[in-house]
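The values are calculated or read from the model by the stated rules, or taken from the named source; none is laboratory data. Since this is a predicted model, take the numbers as computed values, not measurements. Using ideal geometry, Cβ is built from the backbone for each residue, glycine included, and neighbour counts are taken over all protein chains shown. Please note that ligands, DNA and RNA were not included when accessible areas were found on the heavy atoms of the full protein model with its side chains. Shrake-Rupley method; radii C 1.70, N 1.55, O 1.52, S 1.80 Å.
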Amino acid sequence: MNHKDLINACQSDWNDYTKHPFVMQLGNGSLAQPCFLHYLKQDFLFLKQYSRAYALAIYKANTLAEMRKGLASVQALLSFEINHHITYCANWGLTEADLEAEDEDFGTVAYTRYVLDTGMSGDIVDLYVALAPCSIGYAEIGRLLANDKNTKIEGNEFASWIDLYSGDEFQQSIIDSTEHLDQLLAEIDINSQRGQHLLKVFRTATRMEVAFWQQGLNAAI
């Protein structure tokens, strides 16, 4: 099996995730500012836990090569993606300390602890499958928005978010991580008990992504 099998097995949930109204409104610039700001705060907290999950991947690894892959992801998250959030939130007068002090929303807690629990109770493949919807999905969303005729860049206050996830650096990093995931999945039969379990893990994490967008959209209510 490979990552495409994971997506195909939950295509409806995947579409709900990658084409969520939050995403579409972000692309055309109509997203309410409080929704995006709430999302950024929660995503900052999410990425902290996401970094911990990749640190767990280092612990779960059996080889130095696997450990180095986990380390590279932790470094990219801490040095690049989280810093983007901090810089972006500074436009609204929010400091890193403000973001650190933010309470986790229920959806943030549910999603991040699910990923960490999956990694703790399973092996490194379980962990990477639980992590995959976020990285693969954001890359797909970045491409979708970059090529959507309804996407607005000029005058869109969310344009730097689109640029980040549609950019060559992020896209290439996801190509590399997806190839690694496919290597881990290659010898697993999709119809086996193991394969079916991994499909369920991926679908659950994908549904968590849908809920994560929705909690951002609900901030306007």
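Tabulated values for the structure
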| quantity | calculated |
| --- | --- |
| Å² per residue, accessible surface of the chain at 1.4 Å | 48 Å² |
| Dipole moment magnitude, nearest 20 debye, the stretch 70-221 about Cα centre, only Lys, Arg, Asp, Glu C-beta charged | 540 debye |
| Residue-wise HN-Hα coupling along the stretch 119-129, computed from phi with Karplus coefficients 6.51, -1.76, 1.60 (Hz; x: Gly, Pro) | x, 5, 7, x, 10, 5, 5, 3, 5, 5, 5 |
| Helix-only CD estimate at 222 nm, as mean residue ellipticity for the chain, using -39500 (n - 2.57) per DSSP H run (n ≥ 4) | -24500 deg cm²/dmol |
| Stretch in the chain that is longest and holds no GluC sites (Glu not before Pro) that DSSP places in a loop and that have at most 10 other beta carbons within 10 Å | 1-153 |
| Mean separation of Cα contacts under 8 Å (6+ apart) over length of the chain, as relative contact order % | 40 percent |
| Length added when fully stretched, Ala65-Glu96, from 0.36 nm per residue minus Cα-Cα | 7.9 nm |
| Summed side-chain charge close to Asn2 - residues other than Asn2 whose Cβ falls under 13 Å, Lys, Arg +1, Asp, Glu -1 | -4 |
| Fraction of accessible area attributable to carbon and sulfur, the chain (%, probe 1.4 Å) | 52 percent |
| Stokes-Einstein D in µm²/s, Kirkwood radius over Cα pairs - the stretch 21-176 at 25 °C with 0.890 mPa s viscosity | 149 µm²/s |
| Rg followed by Dmax, in Å, when the stretch 1-64 is reduced to its Cα trace | 16.4, 47 |
| Relative contact order (percent, whole number), the stretch 121-221, Cα cutoff 8 Å, 6+ residue spacing | 39 percent |
| Evaluated at q = 0.15, 0.17 Å⁻¹: base-10 log I(q)/I(0), Debye formula over Cα of the stretch 87-221 | -0.93, -1.14 |
| Net +/- balance of residues flanking Asp105 in space, Cβ distance below 13 Å, scoring K and R +1, D and E -1 | -2 |
| Rg to Rh quotient for the stretch 167-220, alpha carbon positions, Kirkwood Rh | 1.13 |
| Helix axis angle, 33-60 relative to the chain longest principal axis, alpha carbon, degrees | 20 degrees |
| Shape call, the stretch 1-111: gyration tensor on alpha carbons, a/c limit 1.5 | oblate |
